[in-house]
Amino acid sequence: MLAAYLLVVSPIMTLQEEWGAELARKRQLLQRYQALQGNKARVAQTDQALKTTLAALEGQFLTGGNPAVAAADLQEIVKNLAETHGLQLTSTKILSPQESGPYVEVPIQVQLSSSVDQLTAFLFHLEHHKKLLFIPELEVNAPRRMVKDPRTPPMHVNLVILGVIKKRPAS
C-alpha cells in the first residue's frame, strides 16, 4: 500500500499542485492582457493626440528641406522684423547646423544697433513669431549715457537666433 501510494498517488498530487500553480500564473497573465486590451483605446487616443500636437509644432518649423534654405528663411524673417522695428542690421552670419535627434537646429548670428524700445519690440516679435524661434545667446553692449546729453547712443546687440527643421531621411 505504501509502495502504491509512493508510486501512484504522491506523483499525482505533486503534479496537481504544479498544475494549480501554473494555472494561477496563467490567470494572472490573462488578467494583465485583459487590462492592457481595455487600455488599448485610451492609448490609441493619446497617441493620436500626440501626433496631432507634433504635426502642429512641426508646422512652426522653418521652411526648406535643408539647413541652407532654412537659414536663408531665418535671415529673411530677421531682416523683415528689423526693418519693421527700425533696427539697423549690421551683419548676419550663418552658423553651422546642429543635429538634435530627428531635427536639425539652424542658427544664425546677428549683429544690430538699436534703442532699448526697438530691441524690446524686436525680441517680443521674435518670441511670438509664427515660426518656432529661439535665442540661445544674447549680448548687449550699451554705451554709457551722459546725464545732460539728450542724445542716446544706440546699443550694439549680438545675438544668435535658432530655428528648427525636420531632418531628412538619408537616401
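The values are calculated or read from the model by the stated rules, or taken from the named source; none is laboratory data. For clarity, every value in this text was computed on a predicted model and none was experimentally measured. Note that we place each Cβ from the backbone using ideal geometry, even for glycine, and neighbour counts take in every protein chain shown.
Some points to look at:
- Unique residue being of a type in the set (Asp, Glu) and modelled with pLDDT under 85 when the list is 22, 58, 17: 58
One line per residue, one yes/no per condition, for (1) among the hydroxyl-bearing types (Ser, Thr, Tyr); (2) in the same structural domain as residue 122 (by TED's automatic domain parsing):
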| residue | (1), (2) |
| --- | --- |
| 8 | no, no |
| 19 | no, no |
| 45 | no, no |
| 49 | no, no |
| 82 | no, yes |
| 103 | yes, yes |
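- Number of positions in the range 118-138 that are in contact (Cβ under 8 Å) with a residue 24 or more places away in the chain and either among the hydrophobic types (A, V, I, L, M, F, W, C) or closer than 15 Å to residue 83 by Cβ (or both): 11
- When residues of the range 63-80 are limited to those that are among the small types (Gly, Ala, Ser) and within 14 Å of residue 98 (Cβ to Cβ), the one surrounded by the fewest Cβ atoms within 10 Å (Cβ to Cβ): 71
- Only one of the numbered conditions (1) out of contact with any Ser or Thr (no Cβ under 8 Å at 6 or more places or on another chain); (2) closer than 15 Å to residue 165 by Cβ is not met by residue 75, and that is (1).
- Pairs where the first residue, in the range 84-111, is in contact (Cβ under 8 Å) with a residue 24 or more places away in the chain and the second is surrounded by fewer than 12 Cβ atoms within 10 Å (Cβ to Cβ) and among the hydroxyl-bearing types (Ser, Thr, Tyr), C-beta under 9 Å, 6+ apart: 107/96; 109/91; 110/91; 111/91
- Among residues of the range 27-69 being charged (D, E, K, R) and within 18 Å of the chain's Cα centre (by Cα), the one that is farthest from residue 131 (Cα to Cα) is 47.
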